[in-house]
Structure formats: structure tokens, C-alpha cells
Amino acid sequence: LIIILIYSVYQGERMSKKRLLTIIYISTVIVTVFNLIGFIKDSFFYNLKVLPQGQFVYASMSPDGNKTVRIFKIENSIGKAIRGELITLNDDGTDEVRNIYWCVGEENAMTGWQSEDIVTINSINIDTTDSDYIFDSRRER
């Protein structure tokens with residue numbers, strides 16, 4: 001569309017008001033559609049902060065008692081998945097909760113603590129001190 005505008009100016013043509021408004025309208029619609037697609041893709045497929053809650057299965061506490069991993073099972077029309085969330089007890093008594101494990105296509109999870117900071121979920125070792133790392137089976141396997 002921008003090429004049409006540039007070409008018209010280059011040819012020395014005066015574009016009618018109706019044609020200009022049509023081009024602006026179509027451009028706006030195209031940009032809006034691309035933004036919506038990007039928002040939906042980020043929200044439902046890549047943003048692990050907004051995962052489905054799921055059904056609580058069990059919890060596993062770290063050896064020092066400061067961290068707990070809770071395992072949730074998700075079953076919906078899209079499929080099955082396992083979600084693991086880490087709860088860390090802060091020094092001020094508040095809890096910090098974040099997702100650390102997301103595995104699509106699994107129905108069961110086995111957890112075990114290797115140390116105070118390393119938890120294993122379904123043979124995946126996760127360092128709980130790395131606040132940026134989240135195991136996502138869609139990207140890792």
C-alpha cells in the first residue's frame with residue numbers, strides 16, 4: 001500500500017480523497033490484525049506466566065523447607081499437560097510463586113530434590129535459584 005502511495009506521487013498523479021481514505025483504512029485493518037495475532041500468540045502459547053491452573057496433584061518440599069514445588073495436572077480440549085510451580089519462602093515471610101515446569105503431553109510427574117536448590121521433575125533438573133529459567137517442553141525437546 002505504501003508502494004502505491006509512493007508510485008502515485010512519483011507519477012505526479014493527484015490521488016483522490018476516496019482512494020487515499022481507502023488505503024489508510026485497509027492499512028489500519030492490516031496492522032490491527034497483525035497486532036491481534038501477536039497478542040494471542042504471546043498470551044496463549046508463549047507466556048508461561050498465564051498458564052492454566054489445573055488440578056493440584058501433590059507438593060514436594062525442599063530439604064531445607066524453604067521451597068516447595070507443587071505439581072498440577074491440566075486436561076482440556078487442547079490436550080494434557082503437567083505444570084510445576086515453585087513457592088519460595090522469603091526472609092520477610094512472604095511467598096514468591098512462579099512457574100518452573102511446563103510439559104505438554106504428559107499425564108504424570110515424579111519429583112525429587114537433588115539438593116536445596118536443584119529439583120528434578122520427570123528427569124529434568126531445574127536450578128531453582130535461576131529466576132529466569134522455566135522448563136518448557138515445546139522449546140526444550
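Quick check: is even one residue across region 71-86 surrounded by fewer than 16 Cβ atoms within 10 Å (Cβ to Cβ), farther than 21 Å from S123 by Cβ and either touching a residue at least 40 places away in the same chain (Cβ under 8 Å) or of a type in the set (K, R) (or both)?
No, because not a single residue in region 71-86 is surrounded by fewer than 16 Cβ atoms within 10 Å (Cβ to Cβ), farther than 21 Å from S123 by Cβ and either touching a residue at least 40 places away in the same chain (Cβ under 8 Å) or of a type in the set (K, R) (or both).
Within region 61-70, work out how many residues are crowded, with 19+ Cβ neighbours inside 10 Å and either polar (S, T, N, Q) or touching a residue at least 60 places away in the same chain (Cβ under 8 Å) (or both).
Of the residues in region 61-70, 2 are crowded, with 19+ Cβ neighbours inside 10 Å and either polar (S, T, N, Q) or touching a residue at least 60 places away in the same chain (Cβ under 8 Å) (or both).
Looking at Y46, Y58 in this structure, which one is modelled with pLDDT of 80 or more and open to solvent by 60 Å² or more (accessible area, probe 1.4 Å)?
Y58
Looking at (1) at pLDDT below 70; (2) in a loop (DSSP other than H, G, I, E, B); (3) within 24 Å of the chain's Cα centre (by Cα), which is the only condition P52 fails?
If we test P52 against (1) at pLDDT below 70; (2) in a loop (DSSP other than H, G, I, E, B); (3) within 24 Å of the chain's Cα centre (by Cα), just (1) comes out false.
With a cut-off of at least 1 residues that are open to solvent by 80 Å² or more (accessible area, probe 1.4 Å), name the strands (runs of 3 or more DSSP E) lying wholly within region 91-141.
95-104, 124-127
Pairs under 7 Å by beta carbon, first residue under 12 Å from V69 (Cα atoms) in region 112-125, partner surrounded by 14 or more Cβ atoms within 10 Å (Cβ to Cβ) and among the aromatic types (F, W, Y), six or more apart or different chains?
These pairs meet every condition: V119/W113; I121/Y101.
The values are calculated or read from the model by the stated rules, or taken from the named source; none is laboratory data. Values in this document were obtained by computation on a predicted structure and should not be read as measured data. Counting neighbours? That spans all protein chains shown, and the Cβs are built from the backbone with ideal geometry, glycine included. These area figures cover heavy atoms from the full protein model, side chains too; ligands, DNA and RNA do not enter into them. Shrake-Rupley method; radii C 1.70, N 1.55, O 1.52, S 1.80 Å.
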